[in-house]
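The values are calculated or read from the model by the stated rules, or taken from the named source; none is laboratory data. Predicted model only: the values in this text are computed from it and were never measured. Here the Cβ positions follow ideal geometry from the backbone for every residue, glycine too, while neighbour counts run over all protein chains shown.
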Amino acid sequence: MSNLSDATIGKFFTRKAFRARLRACMLAPYWDGLVSWMTQRGHPQRETYHTIRHGLRLAEFAAQEEGIADPALLSEPLAARYEATRAGYRRTQREIRLCLRRLLTFLREQGIVPAAQLPAVQPCPPVSTEYLRHLAEHRGIGAKRIALHRLHVVPFLQALDLSEEGDCAGAVDAAVVSAFVTTHAERLSRHQRKSMCAA
């Protein structure tokens with residue numbers, strides 16, 4: 001692929017310093033291809049602009065913070081670590097996630113980044129099904145709130161690593177709950193943390 005052309009740079013970016021960063025980063029050979037790929041899929045110029053901008057920042061984060069210089073090593077976990085550094089900019093969190101998802105999809109289609117490894121699907125603990133049924137039938141909780149409870153309860157029970165015949169109550173104490181909440185709270189918003197604790 002060709003390097004980022006002057007025409008593409010001029011179309012989206014005017015600052016000389018930013019242009020120099022685009023040309024210097026590990027993704028420089030792929031910017032033109034990304035622009036064409038997004039244009040063919042009907043993305044407006046604004047989305048293309050933001051995708052390049054966040055892609056550059058991801059590449060710089062990978063190089064400066066994690067010592068990664070090979071685009072083939074870009075991945076969702078790396079993107080999530082970069083996104084965490086932007087946690088103070090809540091309005092842009094969704095934008096960052098969407099832009100990096102587009103970038104990684106493009107890089108995979110070009111054969112630059114290998115296919116994502118899907119996590120192993122863990123079985124849903126039987127006790128969670130019973131608990132969620134209890135919320136509906138005996139507590140009168142609606143489907144929307146039950147779905148929110150499920151998002152937190154199932155991972156918590158899976159983290160306990162219970163056997164099929166395991167005693168759920170015997171495996172849970174304050175320290176176990178506190179450790180789970182502490183581990184997972186960092187990636188959640190304030191509202192989501194409250195929802196997790198309630199569940």
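Some notes on this structure:
- For region 102-113, taking the residues that are touching a residue at least 24 places away in the same chain (Cβ under 8 Å) and charged (D, E, K, R), the one that is farthest from residue 70 (Cα to Cα) is identified as 102.
- Flag for residue 86 being out of contact with any Cys (no Cβ under 9 Å at 6 or more places or on another chain), of a type in the set (Lys, Arg), in a loop (DSSP other than H, G, I, E, B) and within 23 Å of residue 13 (Cβ to Cβ): yes
- Among the residues of region 108-128, the ones that are under 22 Å from the mean Cα position of the chain (by Cα), within 26 Å of residue 158 (Cα to Cα) and either surrounded by 11 or more Cβ atoms within 10 Å (Cβ to Cβ) or at pLDDT 90 or above (or both) come to 2 in all.
- Qualifying residue in region 65-73 (condition: surrounded by 15 or more Cβ atoms within 10 Å (Cβ to Cβ) and within 13 Å of the chain's Cα centre (by Cα)): no
- Candidate set from region 19-48 (those that are of a type in the set (Ser, Thr, Tyr) and surrounded by fewer than 16 Cβ atoms within 10 Å (Cβ to Cβ)); member that is nearest to residue 108 (Cα to Cα): 36
- Selected residue (criterion: modelled with the highest pLDDT) from residues of region 142-199 that are hydroxyl-bearing (Ser, Thr, Tyr) and in a loop (DSSP other than H, G, I, E, B): 189
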